[in-house]
Amino acid sequence: MARTAGRLRALAFGLLLAAGPAGAEELDLIIRGGTVIDGTGAPGYPADVGVQAGRIVRVGDLADVAATHVLDARGRVVAPGFIDAHSHVPHRLVRSQGSLDFTQLLTQGITTVVDGPDGNFAPAEIHRLIATLSERGSSINYAFYVGHNGIRRQVMGNRPDAPTAAELDTMRRLVREGMEMGCLGLSTGLMYQPGMFSKTEEVVALAREVAPFGGIYDSHTRNPVFELLASDQEAIDIGRQAGIPVKLAHVKPVGLINQGLAAAEVELVEAARRAGRTVVADQYPYDGAATAALEEIVIVPGELLATAAKPDPGELRRLLADPAARAEIRRTSEQGLRGGFAWIKAVGYGSMRIVHAPSSPSLVGRNIQLLAEERRADPFDLVAELIVANPEPVIVTLGSVAEEDVRTLMVQPWTMIASDGAYVDPARPQGHHPRSTGTFTRVLGHYVRDVGLLSLPEAIRKMTSFPAAHLNLHDRGRIAVGLVADLTVFDPATIRDRSSYVDPAALSEGVVHVVVNGMPVLQDGAATGALPGRFVKRQAPPPR
């Protein structure tokens, strides 16, 4: 029903578009008068783009060609649709109520997202997600990784031991099942449960299963704060042993202890590439990683709770005010329940910077470890006191990053742009990250236009042909005759992100039109209601 309704809305929308001049040939759609930047890194050139049956059929002067629909691109850039190679948006929307609203992505120019990073999903869950997205209808395309964590959890639960031979065989089979359904490769989240319990050999065994399919390995590395370079090296080694390309997810040197190490990360990747390995990375353009309220990073043992539910703010404050209860909460927060995942354990206090504190605005920008040293306080006691003393939540980034390190990584030709974003509910935006609504437009507005760090063609390459080639989605990512008509039209003078840690739901500006599979899904900055998005499968890699 949703897909049918979307098509009817798209038809009604199409009647509002201006028809082209009469002629012998009539196309479905022409984008007229823009500067085409084709996604390869080449300079832009003036041209019209003609679309028929969902594909690009003409690029050039189409003044004498008629079209059912025409989009005006005068003074604007026409680029391939942007590909977000690391996203959590589709599954978050599927799990929410209501329609699948991808406006936060469309206003960034995104036409395809890759879900299932960080090892998230076993094949059964991917099947369910695809079925729901297809049934409810989507304005964007979606692809998936098959995930180590999801598979391990299905086979072993949260056990911390190594799999038996039979369990490993079952996990191998599930990886193959994911690849047979069209997944792009294997993803891992080795910082999280239960992937954190696995040995390298287990991951190599599973990664080898994607090699016959031409798949890739995408890794949220094991210990990116306290063992940054060793964790990157482990991912590179897994790809080498499995014989497949590697992508380091959301690469960044996090926290005080890693500040300035971007150059070392660059050399690590460059050394692997000189040795003939295919190693790339993705990056979002922000000086902080995941965000959370301080209440969300403390772990309360179940025996302290009046019920099995998570404590409400009042109960948490009462527990933290009690010295004995605080000691127990400190232990689980810093060590994890039964040795499992905990944010403080994973990133440390030196990685936490306050980004929003409505009741104590003078704290914004302060690092938790440095603030504790200044106050001669234990860092956990400082966290506890901030929770107790502030009636409104104090929001921290769980991975502060130095701006110079952001820039060092962004200019590398093997770093693509990806958001690591999730849907931001405008009614409950607190604790979300601005990357969800501003990653691509921030690069184009701030780092290209305002700072001059990247050229516009190079930035677009990092968002289009580069991820498409790495992900084996070869029929998109460039403006060329015969390729899928996923297209983005934006104003280079006005494009910008508007989201922030305070207002992460604010939509981007400057993206004018977006076309997915030949159908306009955004026109003059407004969603059309069309639902042409579909599941895109991995294609065979080109011969070497």
**OP:** Working only within the stretch 307-322, note down all residues that are open to solvent by 20 Å² or more (accessible area, probe 1.4 Å) and closer than 22 Å to Pro391 by Cβ.
**Re:** Ala309, Lys310, Pro311, Asp312, Pro313, Gly314, Glu315, Arg317, Arg318, Leu319, Ala321, Asp322
Original post:
Would you call Leu382 among the aliphatic types (A, V, I, L, M), farther than 19 Å from Val300 by Cβ, surrounded by fewer than 21 Cβ atoms within 10 Å (Cβ to Cβ) and modelled with pLDDT of 95 or more?
Top reply: no
Subject >> Residue within the stretch 189-209 that is over 20 Å from Asp237 (Cβ atoms), open to solvent by 60 Å² or more (accessible area, probe 1.4 Å) and either in contact with a strand residue (DSSP E or B) (Cβ under 6 Å, 6 or more places away or on another chain) or free of Cβ contacts under 8 Å to residues at least 24 places away in the same chain (or both) present >> reply: no
Subject >> Every residue from the stretch 57-99 that is basic (Lys, Arg) and at pLDDT below 95 >> reply: Arg92, Arg95
**OP:** Sort through Val512, Val521 and tell me the only one that's open to solvent by 10 Å² or more (accessible area, probe 1.4 Å), outside any loop (DSSP other than H, G, I, E, B) and within 17 Å of Gly81 (Cα to Cα).
**Re:** Val512
**OP:** Select the strands (runs of 3 or more DSSP E) contained entirely in the stretch 61-121, then report the ones holding at least 1 residues which are open to solvent by less than 20 Å² (accessible area, probe 1.4 Å), in contact with a Leu (Cβ under 6 Å, 6 or more places away or on another chain) and under 18 Å from Ala485 (Cβ atoms).
**Re:** 66-72
**OP:** Examine the stretch 210-222 for a residue that is acidic (Asp, Glu) and open to solvent by 10 Å² or more (accessible area, probe 1.4 Å), and state whether such a residue exists.
**Re:** no
Original post:
How many residues, within the stretch 321-350, are under 15 Å from Met191 (Cα atoms) and not hydrophobic (A, V, I, L, M, F, W, C)?
Top reply: 7
Subject >> Candidates Val246, Val254 - the one that is at pLDDT 95 or above, over 25 Å from Pro160 (Cβ atoms) and open to solvent by less than 40 Å² (accessible area, probe 1.4 Å) >> reply: Val246
Subject >> Tyr501 in a helix (DSSP H, G or I), aromatic (Phe, Trp, Tyr) and surrounded by fewer than 24 Cβ atoms within 10 Å (Cβ to Cβ) >> reply: no
**OP:** Would you be able to say whether some residue in the stretch 324-337 is at positive phi, open to solvent by 70 Å² or more (accessible area, probe 1.4 Å) and within 32 Å of the chain's Cα centre (by Cα)?
**Re:** no
**OP:** Kindly indicate whether Ile368 is more than 23 Å from Asp420 (Cα to Cα), hydrophobic (A, V, I, L, M, F, W, C) and surrounded by 21 or more Cβ atoms within 10 Å (Cβ to Cβ).
**Re:** yes
Original post:
Ala468: within 30 Å of Pro361 (Cα to Cα) and open to solvent by less than 30 Å² (accessible area, probe 1.4 Å), yes or no?
Top reply: no
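The values are calculated or read from the model by the stated rules, or taken from the named source; none is laboratory data. Computed from a prediction, not measured in an experiment: that's the story for all the values here. In this analysis, Cβ positions are derived from the backbone assuming ideal geometry, glycine residues included, and neighbour counts consider all displayed protein chains. We work out accessible area using only protein heavy atoms, side chains counted, and drop any ligands, DNA or RNA first. Shrake-Rupley method; radii C 1.70, N 1.55, O 1.52, S 1.80 Å.
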